[in-house]
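Let me begin by presenting the structure, written as structure tokens, before commenting on it.
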Amino acid sequence: MRSFFHYALRITNYALGIALCALLFAGCGNQDDDKIKVGTIKYLNVTEEAFDKFYPDSDSKHIFYNDLSNMTMALQAGRIDEMSIYESVANYFVDHNPKFEVIEPTAEMTDLFCCAMRDKDIELKNEFDEAISQMTNDGTLSRLVKRYIAEVHFNETPPVIRMPEFYNDSMVRIGVTGDLPMLDYIRPDGLPAGFNTAVLAEISQRIEKNFVLVQVESGERAIALNSGEVDVIFWAVVPYKESLIPEDFDHPEGMTFTRPYFSDTIVHVKLKNEVTR
């Protein structure tokens, strides 16, 4: 009889041990459940896990999305708690979606906006750099920021911006996504407008080359550039001084960047509390 109870006790202890291990593993597997899930537009050459390691907000778990539309749907569905976007874009977004609100992230980060092109197009890059430098020095960029970002009325459709036309054989195809209003913006009638378009028109005027605007998917920007579908694409880079990011972070092979023409702070957007209750 004693041997039977001894055997039963061993079985019971073994079962308890398995259950305890299962609980421990379950706890380890759900460590991210307590973190704030933050949607962000996908970066290249880095995984979500690697991004979390060098991002200064350790309480967040970042989830990549190819475009703002899918990220917004994820926020509405509760798959993420917040989404990380630029302040100028957030202001437009919240103005058009009263159930959302802007909140400051725990760590401030700023991206620099530039134009990306293929490494081999060094002459075109130099022309863009010179134009951007002139626009910075003579105050043109400041005026464009004031008109198309700082003083923009979000309830109004931005005016159509016509590209200059030159009677020469030049043609530079510029990729636009429309995914960052009012920066990279496509009007309801399908015509590009907003700040980036205004910057392009000014650059075109200064380098005297014809620009053709081509709409591309946000997640396919690098492919569109490397495949030759477009010659230039809007890009944003993280200043190296602000975070310990790898050298190839969001920098596809064979691509080069112009000097920056604008900077914007990253903020977070979430559902208002009365919406989530």
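The values are calculated or read from the model by the stated rules, or taken from the named source; none is laboratory data. Just so you know, these numbers come straight off a predicted model, no measurement behind them. Backbone-built Cβ (ideal geometry, glycine too); neighbour counts: all protein chains shown.
Of note:
Yes/no matrix, rows are residues, columns are (1) over 30 Å from K272 (Cβ atoms); (2) surrounded by 11 or more Cβ atoms within 10 Å (Cβ to Cβ); (3) of a type in the set (G, A, S); (4) at pLDDT below 60:
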{"position": "M1", "(1), (2), (3), (4)": "yes, no, no, yes"}
{"position": "I18", "(1), (2), (3), (4)": "yes, no, no, yes"}
{"position": "L44", "(1), (2), (3), (4)": "yes, yes, no, no"}
{"position": "A50", "(1), (2), (3), (4)": "yes, yes, yes, no"}
{"position": "H62", "(1), (2), (3), (4)": "no, yes, no, no"}
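- Scanning the stretch 39-79 for residues that are of a type outside the set (S, T, Y), in contact with a His (Cβ under 9 Å, 6 or more places away or on another chain) and assigned to a loop (DSSP other than H, G, I, E, B) yields L44, N45.
- Qualifying position, being without any contact (Cβ under 8 Å) to a residue 40 or more places away in the chain, farther than 22 Å from L183 by Cβ and under 15 Å from the mean Cα position of the chain (by Cα), among T47, T72: T47
- Condition check for A222: within 25 Å of E108 (Cα to Cα) and among the hydrophobic types (A, V, I, L, M, F, W, C): no
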